[in-house]
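Visitor: For reference, the structure I am asking about is given below.
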Amino acid sequence: MSFGHPLLLLTLLVIPAGFALYRVVASRRRTQYAVRYTNVDVLASVAAAERPWRRWLAAGVFLLALATLCVAVTRPHVHRLVSSDNATVVLVLDVSGSMQAVDVKPTRLVAAQKALHTFLDKVPPRLKVGLVLFAGEAQVATPPTTDHALVSEAIDEVDFFHGFGGTAIGDAIATAVQVGLRSAGVNGTSVSALSNQRELASYVAETKRPSSTLVSILFLSDGHQTRGVLQPLQGADRARTAGIPVYTVSLGTTGNTTMRGYPQGFPGGGGGYGGGLGQRGLSPDPATLHAIADRTGGKFFRAKSAGAVKDAYASLGSKLGRKPGTTEVTDLFLAGAAGLLLLAGVLSALWSPRLP
């Protein structure tokens, strides 16, 4: 916690000073004044009914309220993750045929769609979110936008996207990098024209390099690379050069499963419909996705169930698009002080001694 006016914390000294003054005045009054009661039985009943701890509790609550007010005038701030203006997250979703596998209920694709909706519910409203779909090739479904409802609609329509057979992990990451750079305002030469790592490095160095807190890629795949121009780690190198972390999610259990819409034992695979057949095509590649996350400064998640992939996206939704910052909490301290003052008044009214 930090304070806008830390010197005002000295006002807390008023509390011990006032307490000491009260003790001095009270001791002098006891020696100067004597109160005579004609009815000793009444005095005894009042003294017996009074519980000293009640008086001290009410006084303690009152002093705590004063202390809270003293802290409030210093304008306290707490350190937390705050929304980052102009932040962008590019969602990358594998839509190859293997996403119809049913080892993740009801299917891998449906579980991923629900997780993406959870992510959109968690992120700040001002966060720009884009969507890239890929199988044998990558396609931008929605450019980065703050219209999260539009992205949500595109996610729901994933079932109708038919990509070329295969799984092009490297090309999908490179496409997401291009989308992220454009969203970050890296203008000039067309990003898509940068054909190799050296050109990209030179281009980013000459323009505005996006901070890792401004642009992030959230990548989900359930298979091995079977197609594409770039290898997975080559795509990761492009993201690292651009300063964009890639958070990866490996979805699925093993290749020993079936696909929705195909008979039991059909050798479907991550190569898409009719391509890359075999048990290996249905098994995820966590080692490669882990390496991508490590190389780019992101984080890797292993999801073997619908609940696991949802938890991963919920966790990322509460973090991505935010940066370390401070938030003023003066109003919370004022509300707390008001509540404590009210409580102290109620306790004093209830527990004050009364003559019968």
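The values are calculated or read from the model by the stated rules, or taken from the named source; none is laboratory data. In this text the structure is predicted, and so the values were computed from the model without any measurement. Here Cβ is always computed from backbone atoms with ideal geometry, including for glycine, and neighbour counts include all displayed protein chains. Ligands, DNA and RNA are excluded from the accessible area calculation, which covers all protein heavy atoms including side chains. Shrake-Rupley method; radii C 1.70, N 1.55, O 1.52, S 1.80 Å.
Visitor: I need the full set of residues from segment 276-285 which are open to solvent by 40 Å² or more (accessible area, probe 1.4 Å) and either among the charged types (D, E, K, R) or at pLDDT 80 or above (or both), in order please. Give the steps one after another, and end with the answer.
Guide: Taking segment 276-285 and keeping what is open to solvent by 40 Å² or more (accessible area, probe 1.4 Å), we get 276-277, 279-280.
Within segment 276-285, Arg280 is the sole residue that qualifies.
Visitor: Among the residues of segment 71-86, are any within 24 Å of Gly339 (Cα to Cα), at pLDDT 65 or above, out of contact with any strand residue (DSSP E or B) (no Cβ under 7 Å at 6 or more places or on another chain) and part of a helix (DSSP H, G or I)?
Guide: Step one: of segment 71-86, the residues within 24 Å of Gly339 (Cα to Cα) are 71-78.
Cutting the leftovers down to at pLDDT 65 or above gives us 71-78.
Within this subset, residues satisfying the condition of being out of contact with any strand residue (DSSP E or B) (no Cβ under 7 Å at 6 or more places or on another chain) are 71-73.
Still in the list and also part of a helix (DSSP H, G or I): 71-72.
The answer is yes, given that some residue of segment 71-86 is within 24 Å of Gly339 (Cα to Cα), at pLDDT 65 or above, out of contact with any strand residue (DSSP E or B) (no Cβ under 7 Å at 6 or more places or on another chain) and part of a helix (DSSP H, G or I).
Visitor: Scan segment 71-87 and report the pairs whose first residue is over 19 Å from His5 (Cα atoms) and whose second residue is loosely packed, with under 13 Cβ neighbours inside 10 Å and at pLDDT 85 or above, with Cβ atoms within less than 7 Å and a gap of 6+ or a chain change.
Guide: Ser83/Arg126; Asp85/Arg126
Visitor: When you check Thr326 against the structure, is it modelled with pLDDT under 80 and either more than 21 Å from Leu66 (Cα to Cα) or not in a loop (DSSP other than H, G, I, E, B) (or both), yes or no? Outline the logic, then answer.
Guide: Details: modelled with pLDDT under 80: yes; either more than 21 Å from Leu66 (Cα to Cα) or not in a loop (DSSP other than H, G, I, E, B) (or both): yes.
Here the answer is yes, as Thr326 does meet what is asked.
Yes/no matrix, rows are residues, columns are (1) in contact (Cβ under 8 Å) with a residue 24 or more places away in the chain; (2) over 27 Å from Gln231 (Cβ atoms); (3) open to solvent by 10 Å² or more (accessible area, probe 1.4 Å); (4) among the basic types (Lys, Arg):
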{"position": "Leu91", "(1), (2), (3), (4)": "yes, no, no, no"}
{"position": "Ser98", "(1), (2), (3), (4)": "yes, no, no, no"}
{"position": "Ala101", "(1), (2), (3), (4)": "yes, no, no, no"}
{"position": "Pro106", "(1), (2), (3), (4)": "yes, yes, yes, no"}
{"position": "Thr146", "(1), (2), (3), (4)": "no, yes, yes, no"}
{"position": "Asp171", "(1), (2), (3), (4)": "yes, no, yes, no"}
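Visitor: Here's something else I'd like to know. Could you check segment 105-131 and list, in sequence order, the residues that are among the polar types (S, T, N, Q) and outside any loop (DSSP other than H, G, I, E, B)?
Guide: At the first step, the residues of segment 105-131 found to be among the polar types (S, T, N, Q) are 107, 113, 118.
Once the filter is applied, which keeps residues that are among the polar types (S, T, N, Q) and outside any loop (DSSP other than H, G, I, E, B), segment 105-131 yields Gln113, Thr118.
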